[in-house]
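Let me begin by presenting the structure, written as structure tokens, before commenting on it.
Every number in this text was worked out from the coordinates using simple rules, so none of it is lab data. Predicted, not measured: the structure shown is a model, and the values here were computed from it. So basically every Cβ, Gly included, is an ideal-geometry build from the backbone, and we count neighbours across all protein chains shown.
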Amino acid sequence: MIQIQDVVIGPMTPLHLPQVLEIERASYPDPWTQATFMRELNASKIAVTIVAHQDDTVCGYIISWMILEEVHIGNVAVASEFRRQGIGRMMMEWLLEEGIQRGCTFSTLEVRRSNQAAQLMYQNLGFRAVACRKTYYSEPVEDAIVMLKSL
Ligand SMILES: CC(C)(COP(=O)(O)OP(=O)(O)OC[C@H]1O[C@@H](n2cnc3c(N)ncnc32)[C@H](O)[C@@H]1OP(=O)(O)O)[C@@H](O)C(=O)NCCC(=O)NCCS
């Protein structure tokens, strides 16, 4: 068990990537590649990429894009040994507050229909299901639930 007050949120850098990729591969059947993470870290002015860490240990991360008034959540994961301790919620709250500071007025995301844990976290943060994208995901093929929250 960690002390949540010892967990710090900050920008993701290339130094975090080995741990981020380990969490990513353990969290998803269709993980993002190193190249995808690097593209977000290097290329995009709209990408806001954060990690939650305790000293040198990465506990979780979020990739998001802040586009005009929208915060779009692209990827959220917490390492399995750190789950159910409030880190996912803490990162999301940090990011949505950052969006508000930048003038964003709403946030959107997609989540696999079967992913009850993530849907519950998003519902508890005030997101609601607004649409379904048929066969949005591959490996395995699955619908996405689109969720929306006003900021
Ligand atoms: C979804 C995920 C990011 C949640 O991270 P976390 O740090 O464990 O979440 P938190 O501890 O902040 O939980 C916040 C709330 O979410 C809900 N929740 C989280 N995990 C849950 C689970 N396994 N079962 C039921 N509810 C869950 C609960 O409502 C929880 O609040 P509570 O603990 O007060 O009951 C994490 O399970 C994960 O990395 N999963 C794999 C990757 C993934 O599915 N990402 C989302 C893709 S859209």
Scan of the stretch 78-109 for residues that are among the hydroxyl-bearing types (Ser, Thr, Tyr), surrounded by 15 or more Cβ atoms within 10 Å (Cβ to Cβ) and in contact with a helix residue (DSSP H, G or I) (Cβ under 8 Å, 6 or more places away or on another chain), ordered by number
Ser107
Could you grab the pairs with beta carbons closer than 9 Å, sequence gap of 6+ or different chains, first residue in the stretch 91-109 and under 18 Å from Val51 (Cβ atoms), second one of a type in the set (Phe, Trp, Tyr) and assigned to a helix (DSSP H, G or I)?
Met92/Tyr122
Could you name every one of the strands (runs of 3 or more DSSP E) located completely within the stretch 15-110 that has at least 1 residues being under 12 Å from the mean Cα position of the chain (by Cα), within 20 Å of Lys149 (Cα to Cα) and of a type in the set (Phe, Trp, Tyr)?
57-67
Criterion violated by Pro29 - all others in (1) crowded, with 21+ Cβ neighbours inside 10 Å; (2) within 25 Å of Val141 (Cβ to Cβ) satisfied:
(1)
Taking the criterion of being in a strand (DSSP E or B), within 18 Å of Met12 (Cβ to Cβ), out of contact with any helix residue (DSSP H, G or I) (no Cβ under 7 Å at 6 or more places or on another chain) and of a type in the set (A, V, I, L, M), would at least one residue in the stretch 122-140 satisfy it?
no
Output for the stretch 52-65, where each listed residue is of a type in the set (A, V, I, L, M, F, W, C) and within 23 Å of Gln119 (Cβ to Cβ)
Ala52, Cys59, Ile62, Ile63, Trp65
Before we move on, is Leu120 surrounded by 12 or more Cβ atoms within 10 Å (Cβ to Cβ) and either over 15 Å from Ser27 (Cα atoms) or not polar (S, T, N, Q) (or both)?
no
